[in-house]
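The structure appears right after this line, and notes come after that.
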Amino acid sequence: MRDNLKIPRRKVKLKTDAADLYYGSHHALGGITFDIYERSITAIIGPSGCGKSTLLRLYNRMNDLIPGVRVEGEVYLDGVPLYDRAADVVSLRQKVGMVFQKPNVFPMSIFDNIVIGPRHQGIRKKRDLEEIARKSLEAVSLWDEVKDELKKSGLSLSPGAQQRLCIARALAVAPEVILMDESCSALDPESTMKIEELMLELAKKYTILIVTHNMEQAVRVSDMSAFMMIDERKIGRLVEYAPTSEMFSNPKDKRTEDYITGRFG
């Protein structure tokens, strides 16, 4: 864990204030309130079904794609409400990129996987696209591996390299926040280590949120941890939020202690 980070001095990048989310009549998240700091890694932990991924998707409005979804309360990015009627969702998703559990490489070349976002933003010059591709692949330590094979299918890469390609694709549109939904769970230990090293490097510039079931991973990479559980009404709640070093050494809530010590979950 990154004990050298002085969290209280960091700017609040994302703010969640009494946020509730409903899928139709199902109350999925209840009363979520906490701040996420810029250039930090926040781990969202908790047992399956407690709403971790739903919370993650709250920050780039991916839940909007589900019929009947409704959000109450407030969610802010740099003080700007994300769920205001005037909010530009396309612009938001450029600022808040997402990397999924399994690599979702598009069936196209490595190069085209990277530049699909910039092209959508209107960038057309070949030289500009090549520079974006190079910088994005360098950022995920993939450039030297693929620089002579950019025309090959992205699907030809190993699973670990595919996941790094997906992170590079997210970086290509110059986001400010990166959401990672169990992005190492389908990878072997060596690939997981590379992704974790990449997270630590990227956190020097980006705000990163990860959902993970791997407690050791949360300890290794995160600055802050948010522990979630469902209550007796099956509503996902935030139980405890603290610096990772404090939560794992001295949790304030007995339920947090029981979870991180493996008594349940």
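Across region 90-198, the fraction of Cα-Cα pairs farther apart than 19 Å, rounded to a whole number, is 38%.
Quick check for you: with a 1.4 Å probe and neighbouring chains kept, what is the accessible area per residue of the chain, in Å²?
Details: 12800 Å² over 265 residues.
Ligands and nucleic acids excluded, the result is 48 Å² per residue.
Look at the dipole of region 137-257 built from charges on Cβ: of 228, 167, 140, the Cα furthest out on the positive end belongs to 228. Rounded to whole numbers, the Karplus 3J(HN,Hα) couplings from phi for region 106-123 are 7, x, 8, 5, 4, 4, 5, 4, 6, 8, 4, x, x, 4, 5, 7, x, 7 Hz, using 6.51 cos²θ - 1.76 cosθ + 1.60 with θ = phi - 60°, and x at Gly and Pro.
Share of antiparallel DSSP beta bridges in the chain, in percent to the nearest 5? Please list the in-between numbers first.
Details: 26 of 44 bridges.
Roughly 60 percent of the beta bridges in the chain run antiparallel, per DSSP.
For the chain, the longest principal axis of the Cα atoms and the long axis of helix 126-139 meet at an angle of about 50 degrees. What chymotrypsin sites (Phe, Trp or Tyr not before Pro) in region 216-265 are in a loop by DSSP, with at most 14 other Cβ atoms within 10 Å of the Cβ? Listed in order of number, the matching sites are 264. Got a number for the accessible area of residue 10? Probe 1.4 Å, square angstrom, nearest 10. It works out to around 60 Å². Full extension of the chain between residue 263 and residue 149 gives 36.2 nm of extra length, using 0.36 nm per residue less the Cα-Cα distance.
Between residue 64 and residue 124, the simple label model (points 7 Å from Cα in the Cβ direction) yields a spacing of 2.7 nm. Please report how far the C-alpha centroid of region 80-150 lies from that of region 180-220, rounded to the nearest whole angstrom. Result: 19 Å between the Cα centres.
How big is the Rg/Rh ratio for region 182-261, C-alpha atoms only, Rh by Kirkwood, two decimals?
Numbers: Rg = 13.7 Å, Rh = 13.7 Å.
Reported Rg/Rh (Cα atoms, Kirkwood Rh): 1.00.
Say R0 is 41 Å: what FRET efficiency, to the nearest 0.05, do residue 197 and residue 231 get from their beta-carbon distance?
That gives a FRET efficiency of 0.65.
Take the Cα of residue 72, go 7 Å toward its beta carbon, and the backbone nitrogen atoms of region 230-250 under 16 Å from that spot belong to 233-237.
Shape index of region 182-226: Rg/Rh, with Rg the Cα radius of gyration and Rh the Kirkwood radius from the inverse mean 1/r over Cα pairs, equals 0.92. Each label point was placed 7 Å from the Cα along the Cα-to-Cβ direction; for residue 33 and residue 116 their separation is 4.1 nm.
The chain has equivalent-ellipsoid semi-axes of 31, 22, 17 Å, by the square roots of 5 times the alpha carbon gyration tensor eigenvalues, sorted largest first. Which of the three applies to region 14-100, rounded, prolate or oblate, going by the alpha-carbon gyration tensor with a ≥ b ≥ c and a/c under 1.5 meaning rounded? Rounded, because the longest to shortest axis ratio a/c is under 1.5. In a fully extended conformation the segment linking residue 92 and residue 26 would gain 21.2 nm over its present Cα-Cα distance, using 0.36 nm per residue. Estimated from helices alone, the mean residue ellipticity of the chain at 222 nm is -9500 deg cm²/dmol (sum of -39500 (n - 2.57) over DSSP H runs with n ≥ 4, per residue).
The values are calculated or read from the model by the stated rules, or taken from the named source; none is laboratory data. Note that this is a predicted model, so its numbers are computed, not measured. Note that each Cβ is placed from the backbone with ideal geometry, even for glycine, and that neighbours are counted across all protein chains shown. Side chains included, ligands, DNA and RNA excluded: accessible areas come from the protein's heavy atoms. Shrake-Rupley method; radii C 1.70, N 1.55, O 1.52, S 1.80 Å.
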